[in-house]
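Participant: The structure is given below, and queries will be raised subsequently.
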Amino acid sequence: MPKPNAVKCLVVDDEPRLRRVLVRLLEGEGFTCSEAGSGTEALEMLQHDPVPLVISDLRMPQMDGATLLREIIARWPTTAVIVVTAVAEVESAVACLQLGALDYVAKPFHLDEVRARVMQALDKRSLKMEVEDYRHNLERRVQEQARRIEELSLERLQALVHFLEEKDPYTSGHTERVARIAVQLAAKLGFDDSELPAINTGAIIHDIGKIGVSEAVLHKAGKLTDAEYRHIMAHPVIGARILAPLMRDVPPALAIVRSHHERLDGKGFPDGLKGDQIPLEVRVVGVADSFDAMTSVRPYRPALSVQKALRELHDGKGTQFHPPAVEAFLAAFPDPSALPVTTPEVRPLHLPTLPDANRRTPPPD
């Protein structure tokens, strides 16, 4: 009667007498054995009842041991396979080791040798499974840790954004509104759902570089000097430098931070990118950012009305703004009263056809 926890073994050989010799030996060591007279029969049995150990002869009709070995390795990679060969066929046995067999035994059998090789093969199988399990769990833990680090990084970045908005009350809520608008524009333009989180993240943190801008300059009510203007316009580069170590795996978000003040006509900053040199997600966020900046109060000017801001977007198509992004903006918000803005004034939108070039640039955020 087999033991409840006995290891199952399948013995495969076309010679019944040799099968019985191995079965008696293994059952004497506490194994539960089944028999197959061919490789084809062995595969059928394994299909219904996989086992941890297979001992197979190499020379068999229909399907030889090497072919059976390949099938077992492909279908049941955790099964330990020992091949049986004649003394004159040791080279074939060694070739099977290279294919994935864990060991081989030669005829005629020495029972002590068979016992030792079977136990060694099971030990190798156990170690292999432990290594695979460790690798799998390690990969999972690394992924979880990376995800947690990313979450913590984003939490810290969002905390910095909120700190920045406390530092500059004129921009309170700016990043959330820009993110909301930008994601809707991107969806209208056909961005895949998998691309929207990076756009949202980039929009949320696009002004993070203002953490390095003087409060006196941020709050100055009068006209900026050239030096002050250069100082405040350095914030995209500062932001990209801050975020580079944290956002290497999210290049669209980094591009948004660095390039959200670029223009289609090449007159933007910091790099003077032009046309298609500006990533599409940056062009999308640029429209959302400019609209919210225009409809927000600034120390140096009152907020523009929604009607006026929409006209500025229309007039800037092709020079400052990506035309499809502006059209997507109008399509995403057919009712201007649904726009997330800080100014309540909304009138019906009637845009005349105007030339795209040589319009004045809306003030930067």
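Participant: Since residue 163 meets every condition but one in (1) at pLDDT 90 or above; (2) farther than 18 Å from residue 338 by Cβ, which condition does it not meet?
Facilitator: Result: residue 163 fails condition (1) only.
Participant: Here's another thing I want to ask about it. Kindly indicate the residue of the range 58-70 that is touching a strand residue (DSSP E or B) at 6+ places or on another chain (Cβ under 9 Å) and more than 11 Å from residue 92 (Cα to Cα) and also surrounded by the fewest Cβ atoms within 10 Å (Cβ to Cβ) among those meeting that condition. Step through it out loud before you land on a result.
Facilitator: From the range 58-70, those touching a strand residue (DSSP E or B) at 6+ places or on another chain (Cβ under 9 Å) are 58-60, 64-66, 68-69; that's our starting set.
From what's left, more than 11 Å from residue 92 (Cα to Cα): 60, 64, 68-69.
On the way: 60: 21, 64: 16, 68: 27, 69: 24.
Restricting to residues being touching a strand residue (DSSP E or B) at 6+ places or on another chain (Cβ under 9 Å) and more than 11 Å from residue 92 (Cα to Cα), the top hit is 64.
Participant: How many residues are over 16 Å from residue 106 (Cα atoms), out of contact with any strand residue (DSSP E or B) (no Cβ under 7 Å at 6 or more places or on another chain) and not small (Gly, Ala, Ser) if we restrict to the range 21-45?
Facilitator: Looking only at that region, the number is 6.
Results for (1) within 22 Å of residue 116 (Cα to Cα); (2) among the acidic types (Asp, Glu); (3) open to solvent by 10 Å² or more (accessible area, probe 1.4 Å); (4) part of a helix (DSSP H, G or I), shown as yes or no for each residue.
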| site | (1), (2), (3), (4) |
| --- | --- |
| 10 | yes, no, no, no |
| 22 | yes, no, no, yes |
| 26 | yes, no, no, yes |
| 33 | yes, no, yes, no |
| 46 | no, no, no, yes |
| 55 | yes, no, no, no |
| 72 | no, no, no, yes |
| 81 | yes, no, no, no |
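Participant: Part of a helix (DSSP H, G or I), open to solvent by 50 Å² or more (accessible area, probe 1.4 Å), within 15 Å of residue 121 (Cα to Cα) and not charged (D, E, K, R), is that true of residue 98? So that I can check it myself, show each step before the final result.
Facilitator: Details: part of a helix (DSSP H, G or I): yes; open to solvent by 50 Å² or more (accessible area, probe 1.4 Å): yes; within 15 Å of residue 121 (Cα to Cα): yes; not charged (D, E, K, R): yes.
Yes, satisfied.
Participant: For the range 263-272, indicate whether the set of residues that are surrounded by fewer than 21 Cβ atoms within 10 Å (Cβ to Cβ) and assigned to a helix (DSSP H, G or I) is non-empty.
Facilitator: No, the range 263-272 has no match at all.
Participant: Out of all the residues in the range 185-224, which are of a type in the set (Gly, Ala, Ser) and either in contact with a Lys or Arg (Cβ under 6 Å, 6 or more places away or on another chain) or buried (at least 21 other Cβ atoms within 10 Å of the Cβ) (or both)?
Facilitator: Passing the criteria: 186, 198, 202, 203, 209.
Participant: Test residue 101 against the criterion of being within 24 Å of residue 130 (Cα to Cα) and in contact (Cβ under 8 Å) with a residue 12 or more places away in the chain, and give yes or no. Break it down stepwise before answering.
Facilitator: Values: within 24 Å of residue 130 (Cα to Cα): yes; in contact (Cβ under 8 Å) with a residue 12 or more places away in the chain: yes.
Taking the combined requirement at face value, the residue satisfies it.
Participant: Evaluate the range 225-244: report whether one residue or more is at pLDDT 85 or above, more than 21 Å from residue 291 (Cα to Cα), among the β-branched types (Val, Ile, Thr) and open to solvent by less than 50 Å² (accessible area, probe 1.4 Å).
Facilitator: yes
Participant: Within the range 219-254, restricting attention to residues that are of a type outside the set (A, V, I, L, M, F, W, C) and part of a loop (DSSP other than H, G, I, E, B), which residue is nearest to residue 270 (Cα to Cα)?
Facilitator: 225
Participant: If residue 115 passes every condition in (1) over 21 Å from residue 46 (Cα atoms); (2) in contact (Cβ under 8 Å) with a residue 60 or more places away in the chain; (3) crowded, with 19+ Cβ neighbours inside 10 Å but one, which one does it miss?
Facilitator: (3)
Participant: Quickly run through the range 295-330 and pick out the residues that are buried (at least 22 other Cβ atoms within 10 Å of the Cβ) and in a strand (DSSP E or B).
Facilitator: If the condition is that a residue be buried (at least 22 other Cβ atoms within 10 Å of the Cβ) and in a strand (DSSP E or B), then 321 is the only one that fits.
Participant: Given (1) modelled with pLDDT of 80 or more; (2) farther than 20 Å from residue 29 by Cβ; (3) open to solvent by less than 50 Å² (accessible area, probe 1.4 Å), where does residue 89 come up short, assuming only one miss?
Facilitator: Among (1) modelled with pLDDT of 80 or more; (2) farther than 20 Å from residue 29 by Cβ; (3) open to solvent by less than 50 Å² (accessible area, probe 1.4 Å), the lone unmet condition for residue 89 is (1).
The values are calculated or read from the model by the stated rules, or taken from the named source; none is laboratory data. Only a predicted model underlies this, so the values are computations on that prediction, with no experimental measurement involved. Ideal geometry is used to build each Cβ from the backbone, glycine not excepted, and the neighbour counts take in all protein chains shown. To get the accessible areas, we keep the full protein, side chains included, count just its heavy atoms, and leave off ligands, DNA and RNA. Shrake-Rupley method; radii C 1.70, N 1.55, O 1.52, S 1.80 Å.
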